[in-house]
Amino acid sequence: MKKQLAMALAVAMAASVVLAGCGTTESTSSGGSDSSSSSSSSSSDGGSGGGASLQLLNGKPEIDAQMQDLATKYAEETGNTIEVMTIGGNETASSKLKELKQAGEMPDIFVAEANQFANWQGELADLSGEQWTEDTDVEYVDDEMGTIGFPYMVEAHGLAYNADLLEKAGVDPASLTSPAAYKAAFEKIDGMKDDLGITAVVGWCAEASNLGWSSGTHVFGHYLDAGLDPTDSTYIDMLNDGGTLDESRFTAFGEFIGLLNQYSDPQLLVDGTYDDQVLGFASGKYVFVTQGSWIGATLTGDDSDAYAAAGNFKCGFAPFAFEDGINTILDEPTSYWTVYKDGDVDAAKAFLQWCSEDTAQQIFVEDMGFVSPYNDCSYTATDPFAGAVTEWLGAGKHSSYHTFFKKDGLQDVTSVVFQEYAKGDIASAADFYTEMQKVTTDYYAQ
């Protein structure tokens with residue numbers, strides 16, 4: 001077996017070490033390599049000529065500026081250069097890599113999610129024995145290919161909320177551990193929209209073509225893991241065994257998604273963009289938003305003016321409590337960096353080692369707002385979600401991201417079902433289950 005989230009217990013231990021060593025916890029990105037934001041490819045050149053020169057494909061547009069700073073610092077300290085190529089908001093790292101491979105322009109280092117490594121069988125460098133592997137518990141290890149995934153962050157996903165607005169509405173987020181509690185809270189907040197100055201209770205966008213990575217991966221991931229122990233792989237195992245969904249659990253999940261559909265901004269729900277969604281939350285237009293800790297970097301970066309105008313409100317996470325008693329958020333590395341074996345492997349290994357050390361860790365944590373996966377990290381994140389993630393992890397209330405172990409590309413078809421449900425083309429949670437079961441079964445049969 002892979003050292004995937006079969007190392008989930010180790011992740012929990014690593015998180016507790018991070019809390020002790022790094023002080024707080026947070027992240028940013030995409031949610032994995034599929035995060036969206038409008039960023040274009042860019043490069044860093046700096047440093048003395050004559051050193052090693054590398055290329056890295058970054059899948060997180062929201063941290064492009066910080067990645068350029070990282071590259072500049074690397075050049076200053078080592079004399080080596082690394083060109084950071086960042087995907088745009090309307091593409092994915094996997095699609096970009098296909099283009100680069102066909103053009104014979106593969107980067108030395110690129111981002112990949114756990115379920116994408118199989119696509120690169122025989123083409124990745126084995127990083128086993130590297131010094132940094134002794135300082136983390138969450139590197140990605142494959143039975144056949146060895147250590148192929150360098151963890152550069154830990155991210156969290158739940159139902160993100162504006163704590164100031166919840167307090168003003170008289171809703172205790174700690175009470176949101178059942179569908180009934182959510183229904184009552186949403187109804188109350190919806191009746192106070194004018195007093196709260198909000199557009200809608202929830203900023204949820206089910207648009208499939210550009211935000212399918214969000215619905216089909218992160219939101220779908222709560223069906224797989226919400227409320228479960230990190231080592232519990234029951235529902236991902238069912239899914240990977242022919243695309244099977246648990247009817248009772250998924251129907252309950254569908255009822256909860258129906259509630260999000262009902263109370264979301266209709267202008268955002270099926271026609272919005274990632275930027276619209278995050279800016280709306282940053283501006284105080286929505287009390288809740290269906291994104292992860294990676295949006296903290298946008299709140300304090302591109303959307304900082306809107307966030308400041310909204311009072312730099314406190315942020316938190318509530319669980320996707322589609323069944324009574326669910327009280328966890330999801331957290332783990334959502335993507336990894338891997339080394340192309342036909343690139344400059346030695347130079348890439350040197351860069352990754354540098355990234356696990358002090359200078360880079362300070363940038364990852366303080367500037368990018370990530371939770372560090374490295375046990376000796378001494379820096380504290382100041383991200384708006386850092387305190388909330390720390391609290392959840394410290395309490396041991398977290399589940400795995402098994403969503404990254406589903407069949408690669410499944411999100412492209414499941415996200416369409418989310419969109420149809422949001423548009424009203426699917427009428428009920430029961431029908432949502434039926435249609436989702438059909439597309440997952442069909443996809444796994446391919």
- Quick one: how many residues across the range 201-243 are surrounded by fewer than 23 Cβ atoms within 10 Å (Cβ to Cβ) and touching a strand residue (DSSP E or B) at 6+ places or on another chain (Cβ under 9 Å)? 4
- Task: Determine if the range 114-125 includes at least one residue that is under 25 Å from I326 (Cβ atoms), without any contact (Cβ under 8 Å) to a residue 24 or more places away in the chain, assigned to a helix (DSSP H, G or I) and open to solvent by less than 20 Å² (accessible area, probe 1.4 Å).
- Result: no
- Message: Name the single residue that is nearest to the chain's Cα centre (by Cα) among those in the range 270-309 being among the aromatic types (F, W, Y) and farther than 17 Å from A208 by Cα.
- Response: W294
- Message: If I filter the range 397-423 down to residues being open to solvent by 50 Å² or more (accessible area, probe 1.4 Å) and touching a residue at least 24 places away in the same chain (Cβ under 8 Å), which single residue comes out as nearest to T244 (Cα to Cα)?
- Response: K407
- Query: Among the residues of the range 131-171, which ones are surrounded by 17 or more Cβ atoms within 10 Å (Cβ to Cβ) and in a loop (DSSP other than H, G, I, E, B)?
  - Reply: T136, D137, V138, E139, M145, Y152, M153, G158, V171
- Given (1) open to solvent by less than 40 Å² (accessible area, probe 1.4 Å); (2) part of a loop (DSSP other than H, G, I, E, B); (3) not small (G, A, S), number of the condition I363 does not satisfy: (2)
- Could you count how many residues in the range 181-190 are open to solvent by 20 Å² or more (accessible area, probe 1.4 Å) and within 27 Å of the chain's Cα centre (by Cα)? 2
- Message: Is it the case, given these coordinates, that A429 is touching a Gly at 6+ places or on another chain (Cβ under 6 Å) and of a type in the set (A, V, I, L, M)?
- Response: yes
- Query: Quick one: how many residues across the range 291-350 are acidic (D, E), assigned to a loop (DSSP other than H, G, I, E, B), more than 30 Å from S233 (Cβ to Cβ) and open to solvent by 30 Å² or more (accessible area, probe 1.4 Å)?
  - Reply: 3
- Note on the structure: The residue that is farthest from the chain's Cα centre (by Cα), considering only those in the range 366-396 that are of a type in the set (S, T, N, Q) and open to solvent by 10 Å² or more (accessible area, probe 1.4 Å), is S378
- Query: Of the residues that sit in the range 327-353 and are charged (D, E, K, R) and modelled with pLDDT of 95 or more, which one is nearest to G122 (Cα to Cα)?
  - Reply: K341
- Task: Name every residue in the range 244-284 that is surrounded by 24 or more Cβ atoms within 10 Å (Cβ to Cβ) and not in a helix (DSSP H, G or I), in order of residue number.
- Result: S264
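The values are calculated or read from the model by the stated rules, or taken from the named source; none is laboratory data. Since the model is a prediction, treat every value here as computed from it, not as a measurement. Counting neighbours? That spans all protein chains shown, and the Cβs are built from the backbone with ideal geometry, glycine included. Note: areas computed on protein heavy atoms with side chains; ligands, DNA, RNA excluded. Shrake-Rupley method; radii C 1.70, N 1.55, O 1.52, S 1.80 Å.
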